[in-house]
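Derivation of every value follows stated rules applied to the coordinates shown; laboratory data play no part. Please read these numbers as outputs of a predicted model, since none were measured by experiment. Please note: Cβ atoms are built from the backbone with ideal geometry, for glycine as well, and neighbour counts cover all protein chains shown.
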Amino acid sequence: MANPITSSKTIESATTDKVFGYLSGEGLTRSFSKFARNIVVPVFALFVFLMLWDSGAKQVQTSLGALPGPDAVWIQTQALYDEHNAERDKEAAFYERLQKRVDKAEAAGKPQEKIDKIKNRQYTGPETFFDQVITSLVTVMTGFILASLIAIPLGIIIGMSQTLYQAFNPIIQLFKPVSPLAWLPLVTMVVSAVYVTNDPMFSKSYLTSAITVTLCCLWPTIINTAVGVSGVSKDLINVSKVLRLSWFTKTSKIVIPSSIPMIFTGLRLSLGIGWMVLIAAEMLAQNPGLGKFVWDEFQNGSSNSLARIMVAVLAIGFVGFILDRAMLMLQRSVNWDKNAILR
């Protein structure tokens with residue numbers, strides 16, 4: 001029987017050797033290489049980009065002055081944040097005054113109808129830059145979700161039938177390259193004609209922008225879903241036939257799980273396209289989002305307009321990046337392959 005003391009010393013010696021081996025160079029080299037690749041290189045690239053931006057912007061003169069560099073953009077970012085806080089303070093003060101009026105009316109014994117009329121008053125101050133970011137996010141997610149609810153089932157049905165694939169493929173190829181600027185006038189007229197009400201739940205500009213996003217988000221998801229479904233292994237399909245699985249069971253247990261990577265590829269493409277389409281749609285539909293902010297600043301023509309537009313451009317890019325990362329995380333959470341790498 002092995003001596004416990006000897007075994008313990010052997011384990012301790014092996015552990016010590018590993019620690020010293022790590023500290024001696026090989027482990028530290030790997031750690032430093034990973035740190036440099038993931039942290040140092042991106043930071044250095046960002047620094048070079050900012051330097052090139054700053055030096056190049058000074059060389060371009062416009063009717064409103066030189067193109068804004070990083071420092072001017074940062075100043076306007078702070079200004080937009082301060083404007084947002086000031087607007088929120090005004091809103092809080094408005095509702096504080098409103099509550100005092102309600103209390104005074106109740107103390108005076110005013111009719112409940114008049115009190116309710118006072119309570120129902122809303123603050124009508126201008127939307128800040130951050131409010132417009134939220135508006136754009138809500139609009140693009142509305143259009144994206146509507147498109148997904150239509151495109152995924154349709155793509156599954158098309159992918160499972162060669163006849164339907166041949167029937168729908170010309171239609172998809174016809175409408176896929178259509179620009180959102182071509183859809184927008186048609187959508188505007190349809191919404192104006194159909195959405196007629198004295199008490200609208202949603203503004204027409206919001207519906208116009210969301211539906212335009214939906215129309216442009218449909219095609220990548222339909223195509224990738226259909227391709228993913230049609231590419232399911234024939235062995236799996238044959239197994240479903242041997243087991244005599246129903247259409248619904250085959251679809252839910254075999255087809256959809258096997259098609260998840262392609263479905264999410266389509267969803268990622270659709271979300272990216274939808275976010276780009278939204279900015280143009282908001283400019284023309286005057287939906288109070290980032291597109292309208294950019295258009296208003298362009299029309300304003302002040303000395304700070306270019307820097308504010310650049311803030312919006314960076315915000316659009318950052319939000320688009322976050323949306324893409326979110327879709328990748330969602331894909332990893334529902335994908336059967338838990339070793340999928342986020343790229």
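Descriptive notes on the structure:
- Net charge contributed by nearby residues that have their C-beta within less than 12 Å of S209 (K/R +1, D/E -1): +1
- In loop segments of segment 75-181 as defined by DSSP, the GluC sites (Glu not before Pro) with at most 16 further C-beta atoms inside 10 Å of their C-beta are E127.
- Taking other C-beta atoms within 10 Å as the exposure proxy, W183, W295, W74, W275 rank W74, W295, W183, W275 from fewest upward.
- Taken one residue at a time, the phi angles of segment 196-207 give Karplus couplings (6.51, -1.76, 1.60, θ = phi - 60°) of 10, 7, 7, 10, x, 6, 10, 6, 5, 5, 5, 5 Hz. Gly and Pro are set to x.
- What the Cα convex hull of segment 101-151 gives, in volume per residue, is 111 Å³.
- Folded to 0 to 90 degrees: helix 4-24 orientation relative to the chain principal axis, Cα: 50
- Debye-sum result for the chain in log10 I(q)/I(0), which assumes one identical scatterer on each alpha carbon, at q = 0.08, 0.12, 0.14 Å⁻¹: -0.66, -1.07, -1.21
- Against the chain, whose longest principal axis is taken from its Cα atoms, helix 41-57 shows a tilt of about 40°.
- Degrees, to the nearest 10: 256-285 long Cα axis against longest axis of the chain: 30
- One way to sum up the overall shape of segment 75-119 is the equivalent ellipsoid from its Cα gyration tensor, whose semi-axes run 35, 8, 4 Å, largest first.
- Zone residues, segment 248-281, relative to E83, backbone N less than 15 Å from point 7 Å out along Cα-to-Cβ: none
- Using the average count of surrounding beta-carbon atoms within 10 Å as a protection proxy, the listed peptides 223-229, 147-153, 206-212 rank, highest first, as 206-212, 223-229, 147-153.
- The charge dipole of segment 213-284, taken about the Cα centre with unit charges on the Cβ atoms of Lys, Arg (+1) and Asp, Glu (-1), comes to about 440 debye, rounded to the nearest 20.
- Positive end of the dipole of segment 59-138 (Cβ unit charges, origin at the Cα centre): among N85, A72, Q61, the Cα lying farthest that way belongs to N85.
- Hz values of 3J(HN,Hα) by residue in segment 289-306 - Karplus curve (6.51, -1.76, 1.60), Gly and Pro given as x: x, 5, x, 5, 4, 4, 5, 5, 5, 5, 6, 5, x, 7, 5, 9, 4, 4
- Positive-pole candidate from A105, W295, P200, dipole of the chain, charges at beta carbon: P200
- Positive-end ranking of I322, V255, W219 along the dipole of segment 218-334, with charges on Cβ about the Cα centre, is headed by V255.
- Among 324-332, 282-290, the order from most to least packed when residues are scored by Cβ within 10 Å on average: 282-290, 324-332
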